[in-house]
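Scroll down for the structure; my scribbles are underneath it.
What follows is calculated from the coordinates using simple rules that are stated; it is not laboratory data. Everything quoted here is computed from the prediction, not taken from an experiment. Glycine gets a Cβ as well: all are built from the backbone with ideal geometry, and neighbour counts include every protein chain shown.
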Amino acid sequence: MGKFPIDDRYVVSLGCRVSIEHGPTGTKVEWSVAHLPKGGSPRPAAGDRDVGIICPRCRRAFSVRVETATKARVKQRVQRVLGWLLLLSLLVTVPLLIQQGGQTVEEGHDQAAVADIGLLLTLAAVGAIVGPSLLATAGLHHGVKKLRHLGDDGRKSVWVQGHRLF
């Protein structure tokens, strides 16, 4: 998966599973990735739009939802801002955690102190884990989502065995 700049054209990266190899240390899956349509298509001007595609390898019909360029950019920016806010929250939670952990507690007041330390430790862990994760994955959102299989009767199904969006 790579980071793509969001512009007024979109490309669907559809993966069709080629093989699965089970090994002693894990499972290896090979994908045949097709970039549809060639050269890209214009994004919708307003609102989301469902677009029909056909897998070039197995000839199954699918549908994907394409967002407007503005909506996709906003989602990307919100994810980056939340990631940075969670990382910056460590500047508050870690010193408070150190301060609370170094204080002596009188007998009878220990439950409140333990609850405070537990809350600060949880907040610091969330900031340390989720913050960098949001920053690392923010560039992967490109506004193409909701892969659905189109049945013979035209109904959409979430059952897309052997396929995924990249």
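Remarks
- Restricting segment 49-114 to GluC sites (Glu not before Pro) in coil, as DSSP defines it, with at most 13 other Cβ within 10 Å: Glu106, Glu107
- Relative frequency of Cα-Cα separations exceeding 18 Å in the chain, percent: 71 percent
- DSSP-loop trypsin sites (Lys or Arg not before Pro) across segment 1-91, with at most 13 other Cβ within 10 angstrom: Lys3, Arg59
- Entry note, the chain: the mean residue ellipticity at 222 nm calculated from DSSP H runs of n ≥ 4, each adding -39500 (n - 2.57), is -13500 deg cm²/dmol after division by the residues and rounding to the nearest 500.
- Spacing of the two label points (7 Å from each Cα toward its C-beta) at Val158 and Val114, in nm: 4.0 nm
- Spatial offset of segment 36-63 relative to segment 83-101 amounts to 44 Å, using the alpha carbon center of each.
- The simple Förster model, with R0 at 35 Å and r as the Cβ-Cβ distance, assigns Ala46 and Trp84 a FRET efficiency of 0.70.
- Amide H within-cut-off set for Arg43, under 5 Å, with H built and near neighbours excluded: Arg9, Tyr10
- The count of lysine pairs in segment 1-125 whose Cα atoms are under 24 Å apart, excluding pairs fewer than 8 places apart on the same chain, comes to 5.
- In a fully extended conformation the segment linking Leu121 and Cys58 would gain 17.7 nm over its present Cα-Cα distance, using 0.36 nm per residue.
- Charged side chains reduced to their Cβ positions (Lys and Arg at +1, Asp and Glu at -1) give the chain a dipole of some 1420 debye around its Cα centre.
- 3J(HN,Hα) couplings calculated from phi for segment 73-84 with the Karplus curve 6.51 cos²θ - 1.76 cosθ + 1.60 (θ = phi - 60°) are, in sequence order, 5, 5, 4, 5, 5, 4, 5, 5, 5, 4, x, 5 Hz; Gly and Pro show x.
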